[in-house]
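Here is the structure we will look at, set down as structure tokens.
The values are calculated or read from the model by the stated rules, or taken from the named source; none is laboratory data. In this text, all values refer to a predicted model and were calculated from it rather than measured experimentally. Don't worry about glycine lacking a Cβ; one is built from the backbone with ideal geometry, like all the others, and counts go over all protein chains shown. Areas reflect the complete protein model, heavy atoms only, side chains present, ligands, DNA and RNA absent. Shrake-Rupley method; radii C 1.70, N 1.55, O 1.52, S 1.80 Å.
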Amino acid sequence: MEVWKHKETCLPVVVTDQGVSKALTEAAQFSLASYSMTGREKLIRWLRRYLASVGLEPTEFADQEAKDASMAMETFLKDHGCSFSRMKGTAYRDGMMKVTRPGQDHTEISIFLNAMLDFYERLEELGARTKSNPLMLKGYSKKDISERRKIDARREANKRFYVFRGLKYEVVNETPYVPKRQDPRRPRTLILGYVEQGDWPPEVVVLMMILADSGCRIAELPELTAWDWYEGSFGPCIRAPNKKSGGKRVKDLVITEETLEALELLFDNGPPQYAGDGGTQGIKSLVGEAGFEERLKKISLFKRSDGSLYSTWSLRNTYFAKAVDAMAPGGVKVEQVSGEWKKATPHVFRAARITDEVNRLDNLYPDHDDFSAALIEFADFMHCGVENIFRYAAEALRQRQIRLRREMLKENADAVRERLSVGIEPSETAAIIERMGGCLAR
């Protein structure tokens with residue numbers, strides 16, 4: 001079996017000597033559909049390697065015994081640097097296994113296991129698999145609902161942005177978090193400089209401005225409609241489905257007044273493909289009419305000259321990559337956490353947006369606890385992990401520690417002792433910093 005990739009959607013196609021395997025292809029596409037283009041590319045590589053390592057015919061692979069499939073997965077991951085061990089406490093009782101990958105990134109392993117959980121579950125729904133899901137806790141899918149809720153509660157305790165779905169493997173990162181000290185704002189400025197030259201279609205220019213302002217993922221923009229803009233009151237906010245969670249959550253794309261004006265001009269004085277929508281006032285006039293929601297949902301914010309939508313692949317490779325190559329010798333590059341320099345991707349807009357916000361919050365909240373609470377709230381707003389925001393804020397936190405130590409040098413020892421005796425309740429911030437493994441010290 002081989003796994004091919006559709007060029008524009010980056011969805012997998014499982015091919016055998018007899019042709020395309022319908023069940024495996026549908027299951028693979030289902031399991032990858034909620035991920036970004038970059039995430040799909042990585043998952044396709046993992047799926048390709050895994051299918052090659054198993055070496056079974058499609059029907060045999062789809063209906064492999066749960067125990068054999070589980071052992072095959074563990075063997076495959078061990079060959080890629082992972083180790084497995086039993087967990088402690090309630091996790092041991094539930095039958096969970098801890099997965100570690102010393103000295104290497106654990107994120108891709110975690111994503112791969114979650115995708116394969118959906119993959120096998122989809123095979124069951126299609127009738128191609130009669131055995132239980134090899135990546136799910138034994139009996140979890142058939143347990144009494146009250147028992148499942150108990151397991152869910154145990155696994156989700158003290159975790160944010162995490163929904164337990166019965167996956168029996170818990171991926172644990174045993175290496176300390178590395179803070180993000182690079183500054184992505186200069187690459188953003190260079191790329192936006194190319195955008196402002198006016199070589200691109202006006203709708204792509206506005207799209208890139210929204211991307212830079214909001215810090216959203218590029219895959220969340222091509223399918224935005226006038227309804228999403230209406231939900232933001234036709235103002236400097238667009239309500240967009242969050243692609244990372246399969247469109248289930250909704251996020252606010254906050255934009256500047258300049259970008260809002262450019263978006264309005266696109267509809268008022270833009271290319272012919274927007275003429276039929278009657279401009280900004282024409283869209284607003286539809287509100288309140290019968291069936292206006294469906295009508296607004298049919299009006300796309302970003303359309304080609306022929307009325308079709310831009311694909312994420314086209315935005316990345318036709319437009320963004322062109323700006324990256326044009327604005328610096330060898331292309332605009334961004335420093336990585338590892339110290340390497342790589343060509344900028346659209347994600348640099350998101351990283352620059354987070355960096356800007358961290359600096360603003362640092363100036364806005366002199367109190368350390370208020371600053372930490374604001375960072376946690378911002379992580380929720382951006383739909384990303386709290387620890388990731390703290391990695392961006394590592395330098396700001398370190399400077400605060402230095403200022404605090406300097407102030408402490410001026411303090412009277414008795415006064416400090418008295419304040420410390422009052423005691424401080426443990427906070428979520430303290431727990432996060434502890435999990436970061438002391439990466440703030442250097």
What is the Rg over Rh value, at two decimals, for segment 90-219, using alpha-carbon atoms and the Kirkwood definition of Rh? 1.15
Taking the Cα centre of each part, how many Å lie between segment 225-299 and segment 54-125? 43 Å
For a quick check: with amide H placed at 1.01 Å from N, whose amide H comes under 5 Å from VAL250's, ignoring anything fewer than 5 positions away on the same chain? ASN242
Computed for segment 248-372: size of charge dipole around the Cα centre, +1 on C-beta of each Lys and Arg, -1 on C-beta of each Asp and Glu, debye to nearest 20, value 820 debye
Rounded accessible area per residue of segment 1-112, 1.4 Å, Å²: 53 Å²
For Cα pairs less than 8 Å apart in space and 6+ apart in sequence, what is the mean separation divided by the residue count of the chain, i.e. the relative contact order in percent? 16 percent
Signed unit charges on C-beta, dipole axis of segment 327-402, positive-most listed residue PRO346, PHE371, VAL386: PRO346
With unit charges on the beta carbon (Lys/Arg positive, Asp/Glu negative), name the residue among ALA66, SER53, MET96 whose Cα is farthest towards the positive pole of the charge dipole of segment 27-117. MET96
Which value, in debye to the nearest 20, gives the size of the charge dipole of the chain about its Cα centre, when Lys and Arg are +1 and Asp and Glu are -1 at the Cβ? 1440 debye
For the chain, give the share of DSSP beta bridges that are antiparallel, in percent and rounded to the nearest 5; count only bridges with both residues there. 90 percent
Percent of accessible area on the chain owned by carbon and sulfur, 1.4 Å probe? 50 percent
Among the listed pairs LYS7/LYS143; LYS78/LYS143; LYS5/LYS333; LYS298/LYS333; LYS297/LYS333, which have their C-alpha atoms separated by more than 32 angstrom in this model? LYS7/LYS143; LYS298/LYS333; LYS297/LYS333
Under 5 Å, built H, 5+ apart or other chain: amide partners of TYR169: MET97
Starting from the Cα-Cα distance between GLN401 and GLU289, subtract it from 0.36 nm times their residue separation and give me the gain in nm to one decimal. 34.6 nm
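Dividing the alpha-carbon radius of gyration of segment 257-387 by 2.2 N^0.38 Å (N being the number of residues), what value is obtained?
Expressed relative to 2.2 N^0.38 Å, the Cα Rg reads 1.44.
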If you average 1/r over every pair of different alpha-carbon atoms in segment 300-355 and take one over that average, what Kirkwood value in Å do you get? 12.9 Å
Could you check which residue among ILE191, ILE354, ILE402 shows the biggest mean-square fluctuation in a GNM of the chain with a 10 Å Cα cutoff? ILE402
Segment 1-141: Cα Rg divided by the 2.2 N^0.38 Å rule of thumb: 1.04
In whole Hz and in residue order, list the ³J(HN,Hα) couplings for segment 375-385 that follow from phi through the Karplus curve 6.51 cos²θ - 1.76 cosθ + 1.60, θ = phi - 60°; x for Gly and Pro. 5, 5, 5, 5, 4, 5, 5, 8, 6, 9, x
Could you give the nm distance between label points at SER314 and GLU261, where each point is 7 Å from its Cα heading toward the beta carbon? 2.9 nm
State, to one decimal in nm², a quarter of the convex hull surface area for the C-alpha atoms of the chain, i.e. the direction-averaged projected area. 27.3 nm²
HN-Hα J couplings of segment 199-206 from phi, Karplus 6.51/-1.76/1.60, θ = phi - 60°, integer Hz, Gly and Pro as x? 7, 9, x, x, 5, 6, 4, 5
